[in-house]
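What follows is one structure encoded as structure tokens, with my remarks underneath.
Rule-based calculations on the coordinates, nothing more; no lab input. Remember, it's a predicted structure, so these values are computed and weren't measured experimentally. Ideal geometry is used to build each Cβ from the backbone, glycine not excepted, and the neighbour counts take in all protein chains shown.
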């Protein structure tokens, strides 16, 4: 599906194609959390680590497809803003799910694992690192690839190593109404019984197929989103930070929604945090695919505003995990309410001012 073919389509048809592709992303992504939950249980790798590595990696495939597609076609601003805009949007996803599914208790009350705090801290560090790259510009370019994206990707690999070592270690003891709540108000052993007769090999195969479906649908989202940016006149920066970021965040929304429904709260949070870490690391494949120079130098400095919003929202969520208040406002935790306020006001400021 080439850009030229899509550009000849009327706006309404491209909107329909974009919507169908986004639906494909949701459909394939909604199965992933079931498979990963059972794989984590059978292999013993830990649900928080599985959420960060397997779910985070699989649900980042649309971002990868979108980023590569936009970079190859020279749409650097859409590629970068999709990655950084997706970070803050996905933290907002947790807040929305808090309001919808946990009407009596905040989500952060049920996710006190120390490994989630470590993931959040590293996400803040990675986002801060990305702001430095955007402010300073590229310092060294070798064979068309900049130094900063390489360092960001290496930092991500280091983060994964730390998460794996930290999984299951009670270095931080939660306190409050109860020290360590169960993962679900009902027995998670009875969750998704329709998949329990499948072998681990069959689960892995289904996981790979669903992830491939997410990747293909995400590629179509990227192509149609890029054309919609031109046809609507809204521009790559805004479309990338909102419409495309929302569509490519559908796997995170569907998998997190499913995980929260069957009570795997830590895996749900780790999925979002792990995905966001990978989003920052995806500047390396974006730079490899972008052939018009260093992609960092091609981004608008306003992209650092999106990274700063991500830092604020991540910090608010870490505050919620640490404090673990059981009080709610408008059916959600105070931390979730503040995150949504920051997100919507921040995106409004981004549209009208920057």
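What FRET efficiency do you get for residue 322 and residue 199 if R0 is 56 Å and r is their Cβ-Cβ distance, rounded to the nearest 0.05?
On the way: r = 40 Å, r/R0 = 0.72.
With R0 = 56 Å, the Cβ-Cβ based efficiency is 0.90.
Mind ranking 200-208, 212-220, 129-137 by how tightly packed they are, going by the mean number of other C-beta atoms within 10 angstrom, highest first? Write out the running numbers ahead of the final one.
On the way: 200-208: 13.9, 212-220: 21.9, 129-137: 17.0.
In decreasing order of mean packing, 200-208, 212-220, 129-137 become 212-220, 129-137, 200-208.
Between the range 318-354 and the range 101-163, the C-alpha centres lie 20 angstrom from each other.
Suppose R0 equals 25 Å; then what is the FRET efficiency for residue 129 and residue 291 from their Cβ-Cβ distance, rounded to the nearest 0.05?
On the way: r = 24 Å, r/R0 = 0.98.
Efficiency at R0 = 25 Å is approximately 0.55.
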